[in-house]
Amino acid sequence: MNKHHEPTGPAADEQITLRGPAELADALPYMMGFHPNDSIVLVALHGSRGRFGGRLRLGIPRSSHEWPPVAEQLAECLVEGSERRGSRPDGIVVFLCQDPAEGETSRRVMERLRPLAQRLRTACGTLEVPVYEALCISDGRYWSYCCPDARCCPPEGSALALPGTSVMAAAAAYAGIQVRGSLREMEGRLAPWTTPAASDQEEALDAAGAALVPRILAEEGREQVATETLELASRLMKRIAETPRAVGWSEADFADDRLITHDEAAAVILGLQDRDTRDRAAHWMEGPAADPALRLWRALARRCVGSYSEHAAAPLTLAGWVCWSTGDEPGARVALGRALCVDPEYVFARLLHQACNEGLDPEALRSCLREESGARAASETPGPSGRRHRPRSRRIRPAAGRKDLRPARRRPGTAAAGNRTRASRRSGQRGTRSGR
């Protein structure tokens, strides 16, 4: 389960009036940037006219026993987050989005989730913030848990508007807002392979681990492995950039996968487990390098198969960082959320996720990385003696005692923090997780 505060949506000067449950249900994908499958979504409302504020998304817990504490946590998180960003919400809109399971009807989904909706309404009311509307969206239909009038909210539910036909769709198109498909589709682009090729990739990861782990753990070989990893990643990015991009997500991802061999993928994945190497790879976050870097990190995340699933935290976090740096906040949250799913303690992902959720400007970290890149290039330039002076690796850490990020007080670069280096959880061939 992944929490996301969602500040994305129409620009502040775009005034859109939504009337009733139908238009609220239709507006949800445009507010989020994607169709939130299997999700609880809470949206804060401010002022007498109900201006949209912070948005929060969480996967629906499978066990109903988790619903009471989750409802309380979500209500507190949204209210406290809104207060930190400016003002306490005057109301909240709740969305429960889930498609039917096999043999289940959408109306049955609505009834099954009714206790969860009530828990959320009670949790918000306890904080003295009323829930103005609570909607269930399932299989192209919606229901209101708040409206008792069968004339506008019939028991069988109401069909959602056809895509692109609503006032919100028109306003979003004018503002350049895109809906990137469903959350399930976005996560699918980052999920590990399940094809027969996955076994070959895992064998390549075993071989790369046996060859690279001893060198990474040895101080004298670590820098050399880092250089080899970054050079190989750079060549792969160049190969990706020079190949015409296919139309459609699945076609484009398949084409990118074909450009990278099992051995190449394994070498970069293992090399990125070193925190300093990963931080240097984060320099590819803007300009012409951003798109091929993002495509590479996604492709590498898909190669973290079998027992190497946790190794995906590094490429997933890098993918999330590139998305956030280039203005794709929904894509950033999905990638960072998936990184935290495979490794909840991955510090770089946690800090980026928090900074993105708090609405911080990524330029502070971009500036820090630019300075580091420039300092590294200058220090590696041959001096009068002809010798290159390599800098000692610097790891960006958060200030001691700091648990949250603040726009005005945060020192640039703290989002690239990591924890202490650790050796592999597995011995021998299973690779290294040195650093986060």
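Miscellaneous remarks
- Filtered residues of segment 234-273 (kept if closer than 17 Å to R215 by Cβ and of a type in the set (A, V, I, L, M, F, W, C)): A266, A267, V268, I269, L270, L272
- Taken together, T195, T243, T277, T227 contain a single residue that is closer than 15 Å to H311 by Cα and of a type in the set (S, T, Y), which is T277.
- L336 vs. criteria open to solvent by less than 10 Å² (accessible area, probe 1.4 Å), farther than 24 Å from L259 by Cα and of a type in the set (A, V, I, L, M): yes
- Restricting the search to helices (runs of 4 or more DSSP H) fully inside segment 302-376 and requiring at least 3 residues that are in contact with a Cys (Cβ under 9 Å, 6 or more places away or on another chain) gives 313-325, 329-342.
- Residue ID - surrounded by the fewest Cβ atoms within 10 Å (Cβ to Cβ), chosen from residues in segment 28-57 that are small (G, A, S) and part of a strand (DSSP E or B): S39
- Selected residue (criterion: farthest from V94 (Cα to Cα)) from residues of segment 125-153 that are without any contact (Cβ under 8 Å) to a residue 40 or more places away in the chain and among the charged types (D, E, K, R): R151
- Filtered residue count, segment 81-98, keeping only those that are part of a loop (DSSP other than H, G, I, E, B), of a type outside the set (S, T, N, Q) and over 19 Å from L24 (Cβ atoms): 2
- Evaluation of Q118 against (1) in contact (Cβ under 8 Å) with a residue 12 or more places away in the chain; (2) within 27 Å of the chain's Cα centre (by Cα); (3) open to solvent by 20 Å² or more (accessible area, probe 1.4 Å) (one fails), failing number: (2)
- Any hit, segment 58-70, residues being at pLDDT below 90, charged (D, E, K, R), in a helix (DSSP H, G or I) and surrounded by fewer than 22 Cβ atoms within 10 Å (Cβ to Cβ): no
- Residue within segment 38-49 that is more than 18 Å from R180 (Cα to Cα) and at pLDDT below 85 present: yes
- Lone qualifier among L217, L259 - being of a type outside the set (D, E) and either under 24 Å from the mean Cα position of the chain (by Cα) or at pLDDT below 95 (or both): L217
- Unmet criterion (only one of (1) at pLDDT below 95; (2) among the hydrophobic types (A, V, I, L, M, F, W, C); (3) buried (at least 20 other Cβ atoms within 10 Å of the Cβ)) for C147: (3)
- For segment 231-247, the set of residues classified as open to solvent by 60 Å² or more (accessible area, probe 1.4 Å) and aliphatic (A, V, I, L, M) consists of A241, V247, listed by residue number.
- Looking across segment 341-364 at every residue that is closer than 20 Å to M32 by Cα and not hydrophobic (A, V, I, L, M, F, W, C), the one that is surrounded by the most Cβ atoms within 10 Å (Cβ to Cβ) is identified as H353.
- Test: residue in segment 306-322 that is within 16 Å of G209 (Cβ to Cβ) and among the aromatic types (F, W, Y): yes
- Any hit, segment 126-135, residues being open to solvent by less than 20 Å² (accessible area, probe 1.4 Å), part of a loop (DSSP other than H, G, I, E, B) and within 25 Å of G54 (Cα to Cα): yes
- Residue match in segment 268-281 (condition: farther than 16 Å from A314 by Cα and either surrounded by fewer than 16 Cβ atoms within 10 Å (Cβ to Cβ) or modelled with pLDDT under 95 (or both)): no
- Residue check, A117 small (G, A, S) and in contact with an Asp or Glu (Cβ under 8 Å, 6 or more places away or on another chain): no
- Test result for G91, farther than 25 Å from S182 by Cβ and open to solvent by less than 10 Å² (accessible area, probe 1.4 Å): yes
- Residue identified as modelled with pLDDT of 95 or more, part of a helix (DSSP H, G or I), crowded, with 17+ Cβ neighbours inside 10 Å and out of contact with any Ser or Thr (no Cβ under 8 Å at 6 or more places or on another chain) among L78, L113, L74: L113
- Condition broken by D263, with the remaining ones in (1) touching a helix residue (DSSP H, G or I) at 6+ places or on another chain (Cβ under 7 Å); (2) surrounded by fewer than 21 Cβ atoms within 10 Å (Cβ to Cβ); (3) without any contact (Cβ under 8 Å) to a residue 60 or more places away in the chain; (4) within 28 Å of G374 (Cα to Cα) satisfied: (4)
The values are calculated or read from the model by the stated rules, or taken from the named source; none is laboratory data. Note that this is a predicted model, so its numbers are computed, not measured. Virtual Cβ from ideal backbone geometry, glycine too; neighbours counted across all protein chains shown. Quick note on the areas: whole protein, heavy atoms, side chains included, nothing else; ligands and nucleic acids left out. Shrake-Rupley method; radii C 1.70, N 1.55, O 1.52, S 1.80 Å.
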